[in-house]
Amino acid sequence: MADLTRRTAMGGFAAAVLAGCGSGSRTTPSRPPSSSPSPTTSTPAAVANQRLLSSGLTSATGPTPGAAGTSLAVNPEVVVVGTAPDSTIQQIARLAISYQPTILEITGATAPTQSLLILAPATKATFDQWTGEKDNPAESGATVFPSPPAQPWMALKPDTDQRQLEVTLAHEMLHALTLTFASKRDQPTWLTEGFAQLVSADVTQIVELAATPPAAASLPTDAQFTAQPERSYVLAFLFATFLQQKRRDAVAAFYTPAVHGQPGDLDRLAHSVFGAAIPGLTQQWQAQYAAQVRTLRG
């Protein structure tokens with residue numbers, strides 16, 4: 001059994017609603033030496049195959065390293081493998097290597113002991129095959145959390161433009177670097193997806209803006225993420241942005257402890273970090289949002 005997170009393309013939002021987004025803890029540090037052990041296997045294909053196996057992937061359920069039409073990028077931080085063009089594979093690897101230290105710094109998370117695994121299929125059909133999901137036109141990436149001890153892995157949908165690739169990769173890396181099978185299952189989707197959108201914007205400095213804001217703010221339920229994904233991602237992102245405006249280090253102080261804590265601890269944690277539980281914070285956000293929308297609509 002596996003669980004997935006999905007990165008759905010948000011349209012964007014009016015800039016005034018997003019005032020303060022990206023003003024969090026982002027810095028651009030030089031890349032520190034990786035804490036991951038250096039692979040001892042001799043060839044890149046063998047290293048990639050070993051990493052695939054640690055996620056429970058075989059040639060029947062994923063790419064085959066070394067096969068014709070399959071490209072690789074292998075290093076201690078990341079293994080990228082797939083049927084996408086080699087130039088795309090290498091670009092994804094370079095971006096992932098540059099993003100990882102910043103995400104770890106923003107979140108306060110610990111560097112993984114294994115390389116991140118990213119699959120880069122050449123077609124949407126292959127993306128669906130590897131992730132086990134039917135095509136969702138709005139979906140641009142997914143992170144799969146197999147049952148332990150198998151390791152999580154990411155897949156990026158092909159045919160995205162450069163901005164979408166960067167935003168999606170950073171979003172999925174936040175999931176892979178901070179979530180586990182249990183935390184993905186137990187924590188509300190607004191938390192995991194809203195902060196993934198926020199950290200992605202922080203890391204890439206790309207903020208997607210929607211043409212028309214929802215009329216009113218509400219914290220989306222898990223069911224609403226399925227029924228109304230675009231609206232739900234926007235609202236979760238805006239709530240995470242609101243929390244970051246209240247406290248600059250909200251990602252490290254709230255999100256990271258939340259996803260490593262016990263289900264039901266969110267209100268206690270929120271009160272200790274922000275001075276109010278989630279219902280109270282939601283009311284504050286809704287009042288701020290309503291005032292911003294009135295201003296935007298004149």
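Charge tally around GLN262: other residues with Cβ under 11 Å, Lys/Arg +1 each, Asp/Glu -1 each, net -1. The convex hull around the C-alpha trace of the range 188-294, projected and averaged over every direction, spans 6.7 square nanometres. When the trypsin sites (Lys or Arg not before Pro) in the range 91-181 are filtered for DSSP coil states and for at most 13 other beta-carbon atoms within 10 Å of their beta-carbon, the remaining sites are LYS134. Close amide H pairs (under 5 Å, H built 1.01 Å from N) link TRP153 with VAL144, residues at least 5 positions away or on another chain. For the range 64-204, the calculated P(r), taken from all Cα-Cα distances in 10 Å bins from zero up to the bin holding the longest distance, is 12, 45, 37, 6, 0 percent.
Maximal additional length on extending the ASP249-ARG94 stretch stands at 53.1 nm, based on 0.36 nm per residue less the C-alpha distance. Under a 5 Å amide H cut-off, with hydrogens placed 1.01 Å from N, LEU219 pairs with nothing among residues at least 5 apart or on other chains. Treating cross-link reach as a plain straight distance, find the lysines whose alpha-carbon is under 23 Å from the alpha-carbon of LYS157, omitting any fewer than eight places away in the same chain. Straight-line reach from LYS157, under 23 Å: LYS124, LYS134, LYS184. Can you grab the distance from the C-alpha centre of the range 64-116 to the C-alpha centre of the range 253-294, Å, no decimals? When both Cα centres are located, 33 Å separates them. Under 1.5 on a/c is rounded, so check that first for the range 149-242, then, if it is not, pick prolate when a/b is larger than b/c and oblate when it is not; a ≥ b ≥ c are the square roots of the alpha carbon gyration tensor eigenvalues. Taking the square roots of the gyration eigenvalues as a ≥ b ≥ c, the range 149-242 is oblate.
Read-outs throughout are calculated quantities, based only on the coordinates presented, and are distinct from any laboratory measurement. Computed from a prediction, not measured in an experiment: that's the story for all the values here. For neighbour counting, all protein chains shown are included, and Cβ atoms are generated from backbone atoms with ideal geometry for every residue, glycine included.
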